[in-house]
Amino acid sequence: MACVVAVEGEEPTKQEILDFLDGRVAKWWLPDDVVFIDEVPKTSVGKFSKKDLRERFADHVLPTPAN
């Protein structure tokens, strides 16, 4: 899953993010889902807080592929 913070004034879609990444990263690196957040939580030293993101999205259900 990719957590994305959109630039102010922009409203990208999940598909636009996936299309942008396609061809730029390996297929197995493409996220299964894209969620938009207001800001990335940070630790006391300013690093991204992956722990907070894991807790926030612990119950997130990934979309199932269309059959």
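Read-outs: derived from the displayed coordinates by stated rules, not from any lab. Note that this is a predicted model, so its numbers are computed, not measured. We place every Cβ from the backbone using ideal geometry, glycine too, and count neighbours over all the protein chains shown.
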* Please state which of the following conditions Lys51 fails to meet, knowing it meets all the rest: (1) under 11 Å from the mean Cα position of the chain (by Cα); (2) part of a helix (DSSP H, G or I). => (1)
* Any chance you could count how many residues in the stretch 7-46 are closer than 22 Å to Val61 by Cα, of a type outside the set (Val, Ile, Thr) and assigned to a loop (DSSP other than H, G, I, E, B)? => 8
* Scope the stretch 14-47; condition among the hydroxyl-bearing types (Ser, Thr, Tyr) and surrounded by fewer than 11 Cβ atoms within 10 Å (Cβ to Cβ); matching residues -> Ser44
